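The values are calculated or read from the model by the stated rules, or taken from the named source; none is laboratory data. Bear in mind the structure is a predicted one, so any value in this text is a computation, not a measurement. Every residue, glycine as well, gets a Cβ built from its backbone with ideal geometry; the counts of neighbours run over all protein chains shown.
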Amino acid sequence: MSEEEIKQFSPFEQRVLAAFAELRVEMNNLRVEMNNRFDETNNRIDALDGRLTALEDKVDARLRETRPIWENVLTRVKLIDAKLDVLGKDLIEVRAETDLLKQRLPPAA
C-alpha cells in the first residue's frame, strides 16, 4: 500500500497496519534465523555422518584383520578340547586297569 492509501485509514487502522508490518518483518527475521539454524544442523549431521562412516570403515578393517586370528584360535581350542576328551578317557581307563591290578595283588604283609 502506498503512503496516501494508508493516510486514508483511521489512526487505529494505521496502527494495526503498522503492527502487521512489524510482524511481517519479525516473521521474516525468524524465518531467516530458522533457515540458518537448519543449515547449521544439517552441516553438523553431515559431519557426524562422515565421522560415523569413517569409524565404521575402521571397525570393518579391524574385523578383517583379526577374523583369521580368531578363527585360528577357535580351531586350536577345538583341537585342545578334543585332546582333553581323549586324555580324560585314557585316564579313566588307566585308573580302571590300576584297580584291577590292585585286586590281583596279594595283600601286603
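Quick rundown of the values:
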read-out	value
Restricting the range 18-32 to residues that are among the charged types (D, E, K, R) and either more than 40 Å from the chain's Cα centre (by Cα) or at pLDDT below 95 (or both), the residue that is farthest from GLU3 (Cα to Cα)	GLU26
Evaluation of ALA108 against (1) modelled with pLDDT of 95 or more; (2) not in a helix (DSSP H, G or I) (one fails), failing number	(1)
Breaking point among (1) outside any helix (DSSP H, G or I); (2) touching a residue at least 12 places away in the same chain (Cβ under 8 Å), for LEU17	(1)
Options LYS102, LYS83: the member that is surrounded by 10 or more Cβ atoms within 10 Å (Cβ to Cβ) and either free of Cβ contacts under 8 Å to residues at least 12 places away in the same chain or not hydrophobic (A, V, I, L, M, F, W, C) (or both)	LYS83
